[in-house]
Amino acid sequence: MNDLKRSLRSYERSQKVLAGPSTFSKGPDQFAHGITPYALDRGEGAYVWDVDGNCYLDTMMALGAVTFGYKHPYIQNAIQNQLEKGITFSLAHDLEVEVAEMMCERIPCAEMVRFGKNGNDATSAAIRLARYVTGKDHVLFCGYHGWQDWYICQTSMSGGIPEILKNYSHRFVYNDLEDLERQLIVFKGQTACIIMEAVSRIAPKDGYLQGVRALADKYNVVLIFDEVVTGFRFHRGGYQSVCGVMPDLACFSKAMGNGMPIAALVGRSELMSKCPEIFISLTFAGETLSLAAAKAVMEVIDKENALEVIEKHGKTLLSGINSLLTSFHLHDAVAVEGFPCRSVMIFRDYKNTDAGDTRTYWIQELAKREILTAGYHIISLSHTAREIDLLLEIYNDVFRGMKESLEDDTLPGKLQCPSVKAPAREL
């Protein structure tokens, strides 16, 4: 097991001065604390190095923000060239126009663009705009949409949010058109928008997203696709280009800048042209290093057929994992869900072993073998056939130990760290 002395010291220092992790998904309770490093120092390609100098193959890629690999040379060069010219200016920069034009050319619903720094900016702006243009207050949502009040008020972490806000936000069930229409009927004439992740772990049923579009039109509400996760990962034009359903507004971030902080609200000009009439204002929305990165990302997608390559290697990984699960007769305890570009390991209670312990064992044993994971895969362009083969070779070893430990009820006793908490997205 790797020496983590400096990493553990960094953690101890953090407890005195940091009021929690920058995002829940990076918290120590999401990993095998004491075995997974607390702090990283640098990254290159599909690999990262912790503060003790240990190297890991990264399967998370900055929570999905890095699509092409750390320090991708083309994107790095674009950032460095812009750094020589300046970062943030007193007036708009031409990169804002250029990147917006590129997005409008690629994304079906995009006729106009408004930039931000993270997904929360884009989804917050989308909700405010939808409420403004419709003159209605209620929001119907499905999926994960960030930490803003209108969404978090309906989760288990609603502290600090006025109770009354729950009256205006309503969760609907994915792949269930009847459930959505029931709520549209209940709040008829009061609903501003439907906001949803068009796809997450499972694919939409045939006709489902088309049905959502039809219901939005029938009840005269704004349809928003939250493409913070799916954008620039499934297709150059977002998941809406895959499913063939055009929302009124869409939110992008994550993979948009290959690690640089940037987001965008895009949509029909009829709606987007109203943005200046409401208060959406960010000093750093036009920051040029991130815009340069976003431009380079879109160019790499085209020049290197990046998304096709990612899908190819992701399919190999998914196929390999399922073959291993079959080989070890583990399907009752473990499954993998999702898509080639983004998949999630699902752990189930098995005999006397809790699913949480099995998940912890998975994260722990991979960390000991220098694989950085939180139980999911974000495949990047830098995950070549070599990295996929390496993952499957190590997974074979870990699955073998997992099977033996589950069958003889010894798995909980093999945990060398506190049990990993459920990911925040399951709020």
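The table below gives the values:
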quantity: Subset of the stretch 209-264 (residues that are free of Cβ contacts under 8 Å to residues at least 40 places away in the same chain, over 26 Å from I280 (Cβ atoms) and in a loop (DSSP other than H, G, I, E, B)); calculated: G244
quantity: F24, sole failed condition from (1) under 23 Å from F252 (Cβ atoms); (2) open to solvent by less than 80 Å² (accessible area, probe 1.4 Å); (3) in contact with a helix residue (DSSP H, G or I) (Cβ under 6 Å, 6 or more places away or on another chain); calculated: (2)
quantity: Residue count for the stretch 347-396, restricted to those that are more than 14 Å from A46 (Cβ to Cβ) and not hydrophobic (A, V, I, L, M, F, W, C); calculated: 22
quantity: Criterion (open to solvent by less than 40 Å² (accessible area, probe 1.4 Å), in contact with a His (Cβ under 7 Å, 6 or more places away or on another chain) and not acidic (D, E)) met by exactly one of A192, A198; calculated: A192
quantity: Looking only at the stretch 387-425, and only at residues there that are over 30 Å from S156 (Cβ atoms) and not in a helix (DSSP H, G or I), the one that is least open to solvent (accessible area, probe 1.4 Å); calculated: T410
quantity: The listed residue being part of a helix (DSSP H, G or I) and among the acidic types (D, E), out of D179, D206; calculated: D179
quantity: Answer from D41, D52 - the residue that is part of a strand (DSSP E or B), without any contact (Cβ under 8 Å) to a residue 60 or more places away in the chain, farther than 29 Å from D226 by Cβ and of a type outside the set (S, T, N, Q); calculated: D41
quantity: Of all residues making up the stretch 140-179, the number that are of a type in the set (A, V, I, L, M, F, W, C), surrounded by 17 or more Cβ atoms within 10 Å (Cβ to Cβ) and under 23 Å from G338 (Cα atoms); calculated: 4
quantity: Top-ranked residue in the stretch 363-374 [being open to solvent by less than 20 Å² (accessible area, probe 1.4 Å) and out of contact with any helix residue (DSSP H, G or I) (no Cβ under 7 Å at 6 or more places or on another chain); ranked as nearest to T67 (Cα to Cα)]; calculated: L372
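The values are calculated or read from the model by the stated rules, or taken from the named source; none is laboratory data. This one's a predicted model, so the numbers in the text were calculated from it and none came from an experiment. Cβ coordinates were reconstructed from backbone atoms using ideal geometry, including for glycine residues, and neighbour counts include every protein chain displayed. Calculation scope for accessible area: heavy atoms of the full protein, side chains included, ligands and nucleic acids excluded. Shrake-Rupley method; radii C 1.70, N 1.55, O 1.52, S 1.80 Å.
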